[in-house]
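Here is the structure we will look at, set down as structure tokens.
The values are calculated or read from the model by the stated rules, or taken from the named source; none is laboratory data. Owing to the predicted nature of the structure, the values given are computational and were not obtained by experimental measurement. Here Cβ is always computed from backbone atoms with ideal geometry, including for glycine, and neighbour counts include all displayed protein chains.
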Amino acid sequence: MLKIENLTFRYPGRKTPAIDNLSMAFEGGAVYGLLGSNGAGKSTLLYLIAGLLTPKSGEVTLKGVNTRRRLPQTLSDIFIVPDELTLPAVTLGTFVKINAPFYPRFSEQDMYRHLATFEVGDVTRYKLTSLSLGQRKKVFMSFALACNTSLLLMDEPTNGLDIPSKAAFRRFIASSVTDDKTIIISTHQVRDIDKIIDHVVIMDNQTVLLDSSMSEISRKLAFISTADSERINSALVSLPAVGGAQIAIANDGSYDTEVNLELLFDLATSKRETINSMFNTVYKQ
């Protein structure tokens with residue numbers, strides 16, 4: 001549904017590109033986790049996908065149409081939730097009245113269902129600017145998902161949310177996936193999304209280190225806890241844990257473990273050749 005071909009982008013005045021010759025594809029009916037450290041190019045990629053930035057070369061197409069053309073039928077099928085929100089000093093009702101007409105599939109019923117998932121209470125009487133950061137994010141995300149666009153882009157959506165709200169966010173996403181919707185969540189807080197994504201994209205130094213489904217990762221890697229020093233020393237990567245360590249090892253077919261995104265990220269960024277050989281990821285050194 002979404003295709004990126006040979007995409008390169010450089011901010012004015014900078015020698016190093018923010019995105020360098022990137023190609024990849026995103027399917028419908030899936031939730032993608034776009035992972036990377038700050039400055040890895042995640043936010044830039046989302047804005048290029050949305051057609052808000054002009055690439056130096058290459059293109060992004062949604063359903064075969066270049067998103068940078070900014071055609072009405074494309075704009076009405078993409079919604080982006082930015083990291084930093086600036087909402088107008090109006091009530092939710094007024095906000096919906098002004099913005100919902102741009103999205104033909106918007107459902108007010110869906111919006112209030114999503115608000116209920118977030119347990120935000122009655123916010124209709126207040127201006128959006130008077131809400132806390134967490135409430136503003138919940139309201140905006142509820143509106144975003146209620147627009148029922150084919151493509152939903154979310155940049156650090158769990159920033160500003162407390163622990164119960166992060167749990168609600170996971171329920172919010174899990175209950176909203178449909179066969180014709182693609183959700184891309186950009187974050188460096190990997191533990192917030194590890195149970196809801198179908199596919200992982202790890203970025204570093206302006207390019208992609210890993211682009212793989214969670215099921216493929218589980219087939220090729222096992223993530224286990226151990227106190228065995230020999231196993232820890234021979235692991236592909238390890239993280240200290242109470243009583244030992246969490247480790248990632250090659251899966252010989254005898255393991256069926258959940259993917260540990262924190263370990264996976266460390267492995268992808270510290271041992272690129274290993275990831276490249278296991279997943280056939282092509283990257284620039």
* Asked: Does the range 86-106 include one or more residues that are closer than 28 Å to Gly39 by Cα and either among the hydrophobic types (A, V, I, L, M, F, W, C) or surrounded by 14 or more Cβ atoms within 10 Å (Cβ to Cβ) (or both)?
  -> yes
* To do: Kindly indicate whether Pro55 is under 28 Å from Ser213 (Cβ atoms) and in contact with a helix residue (DSSP H, G or I) (Cβ under 9 Å, 6 or more places away or on another chain).
  => yes
* **Residue check, Ser150 among the small types (Gly, Ala, Ser), outside the structural domain of Tyr32 (by TED's automatic domain parsing) and out of contact with any helix residue (DSSP H, G or I) (no Cβ under 8 Å at 6 or more places or on another chain)** => no
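Give the number of residues within the range 54-72 that are within 19 Å of Phe26 (Cα to Cα) and outside any strand (DSSP E or B).
5
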* To do: Please go through the range 62-81 and pick out each residue that is surrounded by fewer than 18 Cβ atoms within 10 Å (Cβ to Cβ) and either within 20 Å of the chain's Cα centre (by Cα) or among the polar types (S, T, N, Q) (or both).
  => Lys63, Asn66, Gln73, Leu75, Ser76
* In the range 76-87, which residues are modelled with pLDDT of 95 or more and not β-branched (Val, Ile, Thr)? -> Ser76, Asp77, Phe79
* **Members of the range 150-188 that are touching an Asp or Glu at 6+ places or on another chain (Cβ under 8 Å), of a type in the set (D, E, K, R) and in contact (Cβ under 8 Å) with a residue 40 or more places away in the chain** => Asp155, Glu156
* To do: Could you list all residues from the range 87-99 that are touching a Ser or Thr at 6+ places or on another chain (Cβ under 9 Å) and under 19 Å from Leu153 (Cα atoms)?
  => Leu87
* Asked: Asp122: surrounded by fewer than 13 Cβ atoms within 10 Å (Cβ to Cβ) and at pLDDT below 95, yes or no?
  -> yes
* Asked: When you go through Asp211, Asp198 one by one, which is the residue that is surrounded by 15 or more Cβ atoms within 10 Å (Cβ to Cβ), under 22 Å from Leu145 (Cβ atoms) and either of a type outside the set (Gly, Ala, Ser) or not assigned by TED's automatic domain parsing to the domain that holds Phe279 (or both)?
  -> Asp198
* For Gly13, are the conditions met, namely being at pLDDT 95 or above, more than 23 Å from Asp180 (Cα to Cα) and surrounded by fewer than 18 Cβ atoms within 10 Å (Cβ to Cβ)? -> no
* Exactly one condition in (1) free of Cβ contacts under 8 Å to residues at least 60 places away in the same chain; (2) within 30 Å of Ala18 (Cβ to Cβ); (3) surrounded by fewer than 16 Cβ atoms within 10 Å (Cβ to Cβ) is not met by Arg191; state its number. => (1)
* Asked: Out of (1) touching a strand residue (DSSP E or B) at 6+ places or on another chain (Cβ under 9 Å); (2) without any contact (Cβ under 8 Å) to a residue 40 or more places away in the chain; (3) among the aliphatic types (A, V, I, L, M), the odd one out for Ala40 is which?
  -> (2)
